[in-house]
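One structure is given here, and the rest of the page talks about it.
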Amino acid sequence: AQKRYADLRTKPAVDRAGNGVSLMMNAGLMADLPSLKGSGADGVGLFRTELQFLIRSRVPRRGELAALYKRVIDAAKGAKVQFRTLDIGSDKVLPYMKPQEEPNPAMGWRAIRLGLDKPGVLRMQLQALIRASEGRPLSVMFPFVATPDEFNAAKATLLREIDREATLGRPVPSDLRVGAMLETPSLAFAADSFFASCDFISIGGNDLKQFFFAADRENERVRRRYDTLDTSFLTFIEKIIARCAANETALSFCGEDAGRPIEALTFAALGIRTLSMRPASIGPVKHLLRRADLTELKAVIDDARARGMQSVRPAVTSYLAGLQG
Ligand code: PEP
Ligand code: MG
């Protein structure tokens, strides 16, 4: 199987009818960089910057971070890297941060909430990203955005830092893309003006699913209880697809489900044509995609829903099992 996936590396990620899907990889550590070449990924759809903070015993310095981010951008050789600003709090506790006693950390003071309330580290991180870009394109996304206000405030912080660099006579990104992770159901219902002001949206399916079904992703008793291919969840995902399409906002999916071939093909059939996953999943997803026809699969999904199925999984699985090759 390893060999089969290795042969696939240079083949395009297209279905039988030629519909393309961009397969990107999730990363966060320098050890992930060789996978950029080895996996055949189109770039990094999610760079989890908190991992660099979690492996240290003190807050990293700006210069250190800028050097790390530069190595990532260099390794991508012009391919896109979407840096997600710090997503700490909740399950990700920094050893050098005063622990916060919170009754529900996953719904607590985490990610962009913390970044906006205590902007020192966020600003330092944004400065490091701007410096690392060295005048090249830069994509930044903010985690766990629940309202347009939070996105606007985070984006304004980034723009201020860029202005500051420019005033100091330093290079600024030649092309800036600012996005939000859609991980709370509320953001899917934001005004059109939010979608229009956002260059891209990445669905953080791990958190989004947790809040959609009100099922803790860390709790073994309930974490596998609800199916990602449940029609309620897919209908919600379709709503996000439609809102992005109507406002010409680029959309990707970067939760763990993007790396599960059945889930990945279902999302692609519904219209999400950029998926970001762990590097080892790119081969298996591409393998299945190349044998499938996304238009046929969409019809299979619609038919299962029309028949009132709670999950489209049996129908999708049987369609995929029947493919030749
Ligand atoms: C997600 O929630 O799906 C996501 C990609 O972010 P993380 O898993 O880091 O919370
Ligand atoms: Mg998340």
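The values are calculated or read from the model by the stated rules, or taken from the named source; none is laboratory data. Owing to the predicted nature of the structure, the values given are computational and were not obtained by experimental measurement. FYI the Cβ positions are ideal-geometry reconstructions off the backbone, even for glycines, and counts take in every protein chain you see.
Against the condition under 22 Å from GLY255 (Cα atoms) and either β-branched (Val, Ile, Thr) or surrounded by fewer than 19 Cβ atoms within 10 Å (Cβ to Cβ) (or both), how does LYS37 come out, does it pass?
Here the answer is yes, as LYS37 does meet what is asked.
If GLN127 satisfies every condition in (1) touching an Asp or Glu at 6+ places or on another chain (Cβ under 6 Å); (2) away from ligand 1 (no atom under 16 Å from the Cβ); (3) part of a loop (DSSP other than H, G, I, E, B) but one, which is the exception?
Condition (3) is where GLN127 drops out.
What's the number of the condition ARG71 fails, among (1) out of contact with any Lys or Arg (no Cβ under 9 Å at 6 or more places or on another chain); (2) basic (Lys, Arg); (3) more than 17 Å from PRO173 (Cα to Cα)?
(3)
Got a sec? Which of ALA268, ALA246, ALA315, ALA304 is at pLDDT 95 or above and closer than 20 Å to ALA41 by Cβ?
Result: ALA268 is the single residue among ALA268, ALA246, ALA315, ALA304 that is at pLDDT 95 or above and closer than 20 Å to ALA41 by Cβ.
When you go through (1) at positive phi; (2) crowded, with 21+ Cβ neighbours inside 10 Å one by one for GLY18, which number turns out not to apply?
The single condition GLY18 does not satisfy is (2).
Could you check the range 237-270 and list, in sequence order, the residues that are small (Gly, Ala, Ser) and within 15 Å of VAL312 (Cβ to Cβ)?
Within the range 237-270, ALA264, ALA268, ALA269 meet the criteria.
Taking the stated definitions as given, is VAL222 within 22 Å of LEU297 (Cα to Cα) and at pLDDT 95 or above?
no
Looking at (1) farther than 30 Å from TYR5 by Cβ; (2) in contact with a helix residue (DSSP H, G or I) (Cβ under 7 Å, 6 or more places away or on another chain); (3) small (Gly, Ala, Ser), which is the one condition that is false for ALA67?
Going through the list (1) farther than 30 Å from TYR5 by Cβ; (2) in contact with a helix residue (DSSP H, G or I) (Cβ under 7 Å, 6 or more places away or on another chain); (3) small (Gly, Ala, Ser), ALA67 breaks only (2).
Quick check on the range 164-184: of everything there that is under 27 Å from the mean Cα position of the chain (by Cα) and of a type in the set (Asp, Glu), which residue is nearest to VAL145 (Cα to Cα)?
GLU183
From the list ARG123, ARG136, ARG131, exactly one residue is closer than 30 Å to GLN210 by Cβ and surrounded by 14 or more Cβ atoms within 10 Å (Cβ to Cβ). Which is it?
Criteria check complete, one pass: ARG123.
Mind listing whichever residues of the range 234-256 are crowded, with 18+ Cβ neighbours inside 10 Å and either farther than 15 Å from LEU187 by Cα or touching a residue at least 40 places away in the same chain (Cβ under 8 Å) (or both)?
LEU234, ILE240, ARG243, CYS244, THR249, LEU251, SER252, PHE253, CYS254, GLY255
For the range 179-215, give me the residue count where each residue is out of contact with any helix residue (DSSP H, G or I) (no Cβ under 8 Å at 6 or more places or on another chain), hydroxyl-bearing (Ser, Thr, Tyr) and within 14 Å of ligand 1 (Cβ to nearest atom).
The number of residues fulfilling the criteria is 1.
Determine if the range 22-31 includes at least one residue that is under 20 Å from the mean Cα position of the chain (by Cα) and free of Cβ contacts under 8 Å to residues at least 24 places away in the same chain.
Checked against the condition, which is being under 20 Å from the mean Cα position of the chain (by Cα) and free of Cβ contacts under 8 Å to residues at least 24 places away in the same chain, the range 22-31 yields at least one hit.
So which residues in the range 86-116 are farther than 17 Å from ALA180 by Cβ, more than 14 Å from ligand 1 (Cβ to nearest atom) and crowded, with 17+ Cβ neighbours inside 10 Å, if there are any at all?
The answer is LEU94, and nothing else.
Do we have ASP117 as more than 24 Å from LEU94 (Cα to Cα) and out of contact with any strand residue (DSSP E or B) (no Cβ under 8 Å at 6 or more places or on another chain) here?
No: the conditions fail for ASP117.
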